[in-house]
1. Select, from 110, 157, 171, the only residue that is more than 16 Å from ligand 1 (Cβ to nearest atom), modelled with pLDDT of 95 or more and more than 30 Å from residue 83 (Cα to Cα).
2. Could you tell me whether region 35-51 includes any residue that is within 19 Å of residue 87 (Cβ to Cβ) and not in a helix (DSSP H, G or I)?
3. Is it the case, given these coordinates, that residue 91 is within 16 Å of the chain's Cα centre (by Cα), surrounded by 12 or more Cβ atoms within 10 Å (Cβ to Cβ), within 16 Å of ligand 1 (Cβ to nearest atom) and modelled with pLDDT of 95 or more?
4. I want to confirm something. Restricting to region 124-144 and keeping residues that are within 16 Å of ligand 1 (Cβ to nearest atom) and under 18 Å from residue 83 (Cα atoms), which single residue is surrounded by the most Cβ atoms within 10 Å (Cβ to Cβ)?
5. What are the residues in region 145-154 that are surrounded by 14 or more Cβ atoms within 10 Å (Cβ to Cβ) and either within 17 Å of the chain's Cα centre (by Cα) or touching a residue at least 60 places away in the same chain (Cβ under 8 Å) (or both), if any?
6. Since residue 73 meets every condition but one in (1) assigned to a helix (DSSP H, G or I); (2) in contact with a helix residue (DSSP H, G or I) (Cβ under 7 Å, 6 or more places away or on another chain), which condition does it not meet?
7. Taking residue 78 as meeting all but one of (1) under 19 Å from residue 42 (Cβ atoms); (2) under 16 Å from the mean Cα position of the chain (by Cα); (3) not in a helix (DSSP H, G or I), write down the number of the exception.
8. Would you say residue 2 is under 14 Å from the mean Cα position of the chain (by Cα) and either at pLDDT below 95 or within 16 Å of ligand 2 (Cβ to nearest atom) (or both)?
Ligand SMILES: [Fe+2]
Ligand SMILES: [Fe+2]
């Protein structure tokens, strides 16, 4: 059974995923302006993934007969003091998104909406990966203490990240 409460929460989550894409696009722009193209590539791929998350929720709302309501996107932060600050913000944003998805999953259980609860399992797993990815890079940045040669090495590593659409999206 779907409820208005769950639909409202899903619409809010759709907005949060779209904002995530916006948030990471601002980070891509920052790194591009610093000539750290590998870091910029990392956030370009991240943005595409966030748009996939938004698409999955968009499609799901429609599938269950709900109405997608697009809300306002606030301006993301555009200036950062260092790459470390960027990844600190990215990690705390992902933690916020994880708790937001957990809240919907809990509400879905309370409302006995097992279909939505099941739909959210993919997102719960995805969030664990997203947090791990951001945390790993943040730890590396702290380890190299933003030493220029270390930064360039990490930039090269991040330039290899490629976008692959999630299999769940290909199935639809
Ligand atoms: Fe996401
Ligand atoms: Fe994310």
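1. Residue meeting the stated conditions: 110.
2. For region 35-51, residues within 19 Å of residue 87 (Cβ to Cβ) and not in a helix (DSSP H, G or I): present.
3. Considered against the rule, which asks whether it is within 16 Å of the chain's Cα centre (by Cα), surrounded by 12 or more Cβ atoms within 10 Å (Cβ to Cβ), within 16 Å of ligand 1 (Cβ to nearest atom) and modelled with pLDDT of 95 or more, residue 91 comes out as yes.
4. Among those residues, the one meeting the criterion is 130.
5. 151, 154
6. Only one criterion in (1) assigned to a helix (DSSP H, G or I); (2) in contact with a helix residue (DSSP H, G or I) (Cβ under 7 Å, 6 or more places away or on another chain) is unmet by residue 73, namely (1).
7. (2)
8. no
The values are calculated or read from the model by the stated rules, or taken from the named source; none is laboratory data. None of these values were measured; they are calculated from a predicted model. Every residue, glycine among them, receives a Cβ derived from its backbone with ideal geometry; neighbour counts consider all protein chains shown.
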